[in-house]
1. Per residue Cα convex hull volume for chain A, in cubic angstrom?
2. In whole percent, what relative contact order does chain A give with Cα contacts below 8 Å and a gap of six or more residues?
3. Got a sec to turn the phi values of the stretch A:8-18 into Karplus ³J(HN,Hα) couplings, 6.51 cos²θ - 1.76 cosθ + 1.60 with θ = phi - 60°, whole Hz, x for Gly and Pro?
4. Could you tell me the center-to-center distance, by alpha carbons, between the stretch A:113-161 and the stretch A:218-268 in angstrom?
5. Under the rule of at least 5 residues apart or a separate chain, name every residue whose amide H is placed under 5 Å from the amide H of A:Leu102.
6. Gap in Å between the Cα centre of the stretch A:1-70 and the Cα centre of the stretch A:191-210?
7. Return the lysines within reach of A:Lys169: Cα separation strictly under 22 angstrom, same-chain partners fewer than 8 residues apart disregarded; answer none if there are no such residues.
8. Quick one: grab the alpha carbon gyration tensor of the stretch A:1-147, order the square roots of its eigenvalues as a ≥ b ≥ c, and give me rounded if a/c is under 1.5, else prolate or oblate depending on whether a/b is larger than b/c.
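What follows draws every value from the coordinates through simple rules; no lab data is involved. Source: prediction; values computed, not measured. Neighbour counts run over all protein chains shown; Cβ positions are idealised from the backbone, glycine included.
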Amino acid sequence: MKIASFNINGIKARVTALCDWLDEAQPDVVVLQEIKSVDEAFPRELFEERGYNVETHGQKSFNGVAILSKLPLEDVRRGLPGDDSDEQARWIEATVVGKQALRICGLYLPNGNPVELTETGVPVAGGKYAYKLAWMERLKARAAELLAEEMPALMAGDYNIIPQAEDAKRPEAWREDALHRPESRAAFQRIVNLGFTEAFRSRTLGPGHYTFWDYQAGAWNRDDGIRIDHVLLTPQAADLLRDCQIDKEIRGREKPSDHVPIWVDLDL
DNA sequence: ATGGCCGGTGGAACCGGA
């Protein structure tokens, strides 16, 4: 079963590029981020006519996540638990019903910039960096629940985290950035440390593997990228991992997203 | 980070992104 994650940066602008990639890559399941659309405006027919079941969790203008699945989806949940006042659409999960059930979580983790700190180095309450770190605490809590269920499950999406220096072409440029600051990396590592396997790094070592290239300053032409889209597997899912790849060439096409898909192949 | 952008909104600039 091939399961992909793709931050499309706006469904309206990405209809052609997304459908072309779906037709070629033939993923069984895709989690999408930044659909930037309300549920009613999402062009679900385009995917239904390709055999996908469609579940969305959108909002106007920003954020928004979705799941496309060729197999039936059950027990769909929208919104990351832990803060009822959080209005941002960044989390959707569902169970894919096949021979064996697989729980799939799609996430769009907050960017966190600009980083605002008090004189004592504490993130300013109400600021974007504090929101990012608080969101990651909620993610850790949900992640721990997932592990406790002891079933094949994964959390895939745009984590907006550069885990290690080798995950950026120019790591020094990101040292103080919300994507790579020590607090951000530590929060990501704490989640992995609960018992997850980071799919890509479990199979591919070394620098030069990226999932995002900025539209600005010729970043793509310089291969000035960062690796910020990740797939985290529970032990029961990690045991089924056959492959994990980044579809890099997508970035060089017409009207691309600034992210490219990452996918895993699981033996189920 | 950066020389250089892009998408959405709303119908011009501006916000948000990473």
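1. 125
2. Answer for chain A is 19 percent.
3. Karplus values, whole Hz, x for Gly and Pro: 8, 6, x, 5, 4, 6, 10, 3, 5, 4, 5.
4. 21
5. Under 5 Å from the amide H of A:Leu102 lie the amide H atoms of A:Val96, each far enough along the sequence or on another chain.
6. Going from one Cα centre to the other spans 25 Å.
7. Once the sequence-local lysines are set aside, what remains near A:Lys169 is A:Lys248.
8. prolate
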